[in-house]
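To start, the structure under review is shown below, and the notes come after it.
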Amino acid sequence: MARFVVVGAGIVGLATAYRITQDYPDAQVTVLEKEPRVAVHQTGHNSGVIHAGVYYKPGSLKATLCRAGSKSMVDFCAEHGIPVQVCGKLIVATEQSELPRLHALHERAVANGLPVRLIGPAEAAEYEPHLSCVEALHVASTGIVDFTAVCTTLAALAEKAGAEVRFGARVTGFALRGGEQVVETTAGDVLADVLINCAGLHADRVARLAGVDPPARIIPFRGEYYELREDRRDLVRGLIYPVPDPQFPFLGVHLTRMIDGSVHAGPNAVLALAREGYTWGRVSPRDIADYAVYSGLWRLARKHLGYGLTEVRRSLSPKRFAHSLARLVPEVTEADLVRTAAGVRAQAIAPDGALVDDFLIVARDRQVHVLNAPSPAATSSLEIAKHIVSRVEGVSRGR
């Protein structure tokens, strides 16, 4: 009987554990999670958007897995009674200078096989009456869901199929004993024939503990959110995004109607002072020391210092944040915003300072390490799980 150990009970780890129970029904599957519940970090702090796959390079893992994942996620939610809505979204050019980027995005979306249309201001106003734009891209297949609810269901399904989810089990090391791979944790040791690392913000550290030298370093970027006051939610019907700058993996501050009816605004993107640095006050000297000596971060900073300073100023000024939103919906003011929980994105950066713009999954022996899985990883999670399990070699499938 093969023993699979999955590190991390975020959406990718749980989707992978569930997939293993389906593909290897005779296997022993253990999920190790350092927190007391599922989806505590990236999964539980995202915007709840099921992305269509507009932004990603055709043929990349992000493009192929996101397109398939947007459908499989909606189907999964429908099958298991999780509230989900395919509401579509608008990507908006607010001035003429943005039109070339919007049109390039349209071409990329068409190349990715997505149902998209360029529309003018009058038609855009039919979707979003308070919107300001010169042109917009309508993306019909974008949806919204509560990904924490998806995780809860995945954990229950995996456990029903025989998997074990261990909470309070932080991985502290790996060892070989008698030829067997041992995962050492704060909750005891676990034997693993196959190790799958889905540790998110700590995935590169787990990989190094397991003897793998990651080709990139995870750097945490905090995304801060506001939400519209309840009496101002009528300003936004669905999802409104700006045209993104293709130099960066961040989509710019946007307006998102959540599955519970609230409207979130954000996120920005500022360097966090801890891997789990959800506020400016959360500081980890160890984490800062870890990436302060990393050449890739300094090379990134030299290339994009102006962008980074703009994001910091927006972080510190609700007025600036509101101004960014008012480019999309002019009626939004600072008084309409209420600060809400932030998230932290685990962004892999290469030694040359390049932002890794695709999913990065490294397989070695009987280990698979997911080393870059930011957005749209939640959307793509069921498909990422299939891809991960397909990388596992030399394990017999049960009947």
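The values are calculated or read from the model by the stated rules, or taken from the named source; none is laboratory data. None of these values were measured; they are calculated from a predicted model. For neighbour counting, all protein chains shown are included, and Cβ atoms are generated from backbone atoms with ideal geometry for every residue, glycine included.
Residue pairs, Cβ under 9 Å, 6 or more apart or interchain, first in the stretch 21-39 and in contact (Cβ under 8 Å) with a residue 60 or more places away in the chain and under 17 Å from ILE11 (Cβ atoms), second assigned to a loop (DSSP other than H, G, I, E, B) and polar (S, T, N, Q). List them.
Sorted first by the residue in the stretch 21-39, then by its partner, the pairs are LYS34/THR186.
Among the numbered criteria (1) part of a loop (DSSP other than H, G, I, E, B); (2) in contact with an Asp or Glu (Cβ under 9 Å, 6 or more places away or on another chain); (3) among the charged types (D, E, K, R), which one does ARG232 miss?
(1)
Consider ARG237 against the criteria (1) modelled with pLDDT under 95; (2) assigned to a loop (DSSP other than H, G, I, E, B); (3) within 27 Å of GLY53 (Cα to Cα): it satisfies all of them except one. Which criterion is unmet?
So ARG237 meets the others, but not (1).
Given the conditions (1) in contact with an Asp or Glu (Cβ under 6 Å, 6 or more places away or on another chain); (2) without any contact (Cβ under 8 Å) to a residue 40 or more places away in the chain; (3) of a type in the set (Gly, Ala, Ser), and given that ALA342 satisfies all but one, which numbered condition is not satisfied?
Here ALA342 meets the rest and fails (2).
What's the total number of residues in the stretch 12-54 that are hydrophobic (A, V, I, L, M, F, W, C), more than 27 Å from CYS87 (Cα to Cα) and in a helix (DSSP H, G or I)?
Here the count works out to 2.
Between a first residue in the stretch 263-289 that is in contact (Cβ under 8 Å) with a residue 12 or more places away in the chain and part of a loop (DSSP other than H, G, I, E, B) and a second residue that is basic (Lys, Arg) and crowded, with 17+ Cβ neighbours inside 10 Å, which pairs have beta carbons less than 7 Å apart while being 6 or more apart in sequence or on different chains?
ASN268/ARG314; ALA272/ARG222; GLY277/ARG222; TYR278/ARG222
List the number of the failed condition for LYS319; all other conditions in (1) in contact (Cβ under 8 Å) with a residue 12 or more places away in the chain; (2) part of a helix (DSSP H, G or I); (3) under 26 Å from ASP358 (Cβ atoms) hold.
(3)
I'd like to check something: does the stretch 62-79 contain any residue that is surrounded by fewer than 20 Cβ atoms within 10 Å (Cβ to Cβ) and either assigned to a loop (DSSP other than H, G, I, E, B) or in the same structural domain as THR185 (by TED's automatic domain parsing) (or both)?
no
Evaluate the following for ALA175: is it among the small types (Gly, Ala, Ser), surrounded by 15 or more Cβ atoms within 10 Å (Cβ to Cβ) and outside the structural domain of LEU325 (by TED's automatic domain parsing)? Don't jump to the end; show me each part of the working.
Details: among the small types (Gly, Ala, Ser): yes; surrounded by 15 or more Cβ atoms within 10 Å (Cβ to Cβ): no; outside the structural domain of LEU325 (by TED's automatic domain parsing): yes.
No, not satisfied.
Name the pairs: first residue in the stretch 362-379 and closer than 16 Å to LEU209 by Cβ, second residue among the aromatic types (Phe, Trp, Tyr) and at pLDDT 95 or above, Cβ to Cβ under 9 Å, at least 6 apart or on different chains?
Close Cβ pairs satisfying both conditions: VAL370/PHE359; LEU371/PHE359.
When SER324 is evaluated against the numbered criteria (1) under 25 Å from the mean Cα position of the chain (by Cα); (2) at pLDDT 95 or above, which criterion, by number, is the only one it fails?
Here SER324 clears every test but (2).
Pick out the one residue from GLY223, GLY252, GLY296 that is at pLDDT below 95 and at positive phi. Even if it seems obvious, please write down each step before you answer.
Values: GLY223 fails: at positive phi; GLY296 fails: at positive phi.
The conditions single out GLY252.
Answer yes or no as to whether VAL12 is free of Cβ contacts under 8 Å to residues at least 60 places away in the same chain and under 26 Å from GLY188 (Cβ atoms). So that I can check it myself, show each step before the final result.
On the way: free of Cβ contacts under 8 Å to residues at least 60 places away in the same chain: no; under 26 Å from GLY188 (Cβ atoms): yes.
Against the criterion (free of Cβ contacts under 8 Å to residues at least 60 places away in the same chain and under 26 Å from GLY188 (Cβ atoms)), VAL12 does not qualify.
Tell me which of these LYS57 doesn't satisfy, since it passes every other one: (1) part of a loop (DSSP other than H, G, I, E, B); (2) more than 25 Å from LEU102 (Cβ to Cβ).
Answer for LYS57: the failing condition is (2).
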